[in-house]
1. From the list ILE146, ILE218, which one is within 16 Å of the chain's Cα centre (by Cα) and closer than 20 Å to LEU119 by Cα?
2. Hey, does region 132-147 have a residue that's within 24 Å of VAL48 (Cα to Cα), open to solvent by 20 Å² or more (accessible area, probe 1.4 Å) and not hydroxyl-bearing (Ser, Thr, Tyr)?
3. Among the numbered conditions (1) of a type in the set (A, V, I, L, M, F, W, C); (2) touching a helix residue (DSSP H, G or I) at 6+ places or on another chain (Cβ under 8 Å); (3) not in a strand (DSSP E or B), tell me where ILE198 comes up short.
4. Output yes when any residue across region 88-104 is under 13 Å from the mean Cα position of the chain (by Cα), in contact (Cβ under 8 Å) with a residue 12 or more places away in the chain and open to solvent by less than 40 Å² (accessible area, probe 1.4 Å), and no when none is.
5. From GLY152, GLY184, GLY170, GLY222, grab the single residue that is over 23 Å from GLY44 (Cα atoms), of a type in the set (Gly, Ala, Ser) and out of contact with any His (no Cβ under 6 Å at 6 or more places or on another chain).
6. Answer yes if at least one residue in region 18-32 is open to solvent by 10 Å² or more (accessible area, probe 1.4 Å) and in a strand (DSSP E or B), and no otherwise.
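The values are calculated or read from the model by the stated rules, or taken from the named source; none is laboratory data. For clarity, every value in this text was computed on a predicted model and none was experimentally measured. Cβ coordinates were reconstructed from backbone atoms using ideal geometry, including for glycine residues, and neighbour counts include every protein chain displayed. Ligands, DNA and RNA are excluded from the accessible area calculation, which covers all protein heavy atoms including side chains. Shrake-Rupley method; radii C 1.70, N 1.55, O 1.52, S 1.80 Å.
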Amino acid sequence: MTTDKAGVLRALHVPGSPLVLPNIWDAASALAVQEAGFPAVATGSAAVARVLGYADGEGTPVDEMMAAVSRITRAVDVPVTADVERGYGLKPAELVERLAAAGAVGCNLEDTDPRTGELLDAGVQAEFLAEVRAAAGQDLVINARIDTYLLGRTSTQEALERARLYREAGADCVYPITLADEDGIRALVAEVGGPVNILFRPGTPSLGRLAELGVARISFGGGLHKAAHAYAESLFAKVRDGQSPY
């Protein structure tokens, strides 16, 4: 019997009891997350790009990104959601097809144009999300990233307007990345009418507090890979200096 992994992933988005996703970057880190007891695995585009030798911001060729996602999905049994930036220039139907072929049952889609680094028109992004939803049906959990805060536009109203548009277009969850202000988080959770994803990083409320605020999903972005890589660098430095790294 085939498991509805998209349905499983979707059901894990519970306001007040959030899905915690320590974003991974390869098959080994994905397996480690599963073995730690997490019910789902999420990739982080910046981390995967760095591991593959490319820059974030769609610097990774789509074939290489999808191949990396495939290796991750083969390594674990839990649902996998993939950060695919703004879709690498693929048409919505092809993007959905490529994600399904790679074994991913969820994806992050951001509203920044990777070519210009500028925020896309909200209506244009909503139309894109609606086409992805139409192509995928319910077989894909769509996490719609909102980049207003990331780009220094701190209006709660603007973020809320985008969130509502993206939800109406079929997004399962909205992701106002870098929003860390409790009042702002509380306002979005109260007004969006659906799951809200918050990025955990230094300065963000604690995991427990985010749950109290009604957050439904917590991501770590590239933070864990940065920390792991910094630790690896310290080990290499010890070997260089003639010390034991163990």
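1. Answer to the selection: ILE146.
2. Yes, region 132-147 contains at least one residue that is within 24 Å of VAL48 (Cα to Cα), open to solvent by 20 Å² or more (accessible area, probe 1.4 Å) and not hydroxyl-bearing (Ser, Thr, Tyr).
3. (3)
4. Yes - at least one qualifying residue is present in region 88-104.
5. Matching residue, one of GLY152, GLY184, GLY170, GLY222: GLY184.
6. Yes, because at least one residue in region 18-32 is open to solvent by 10 Å² or more (accessible area, probe 1.4 Å) and in a strand (DSSP E or B).
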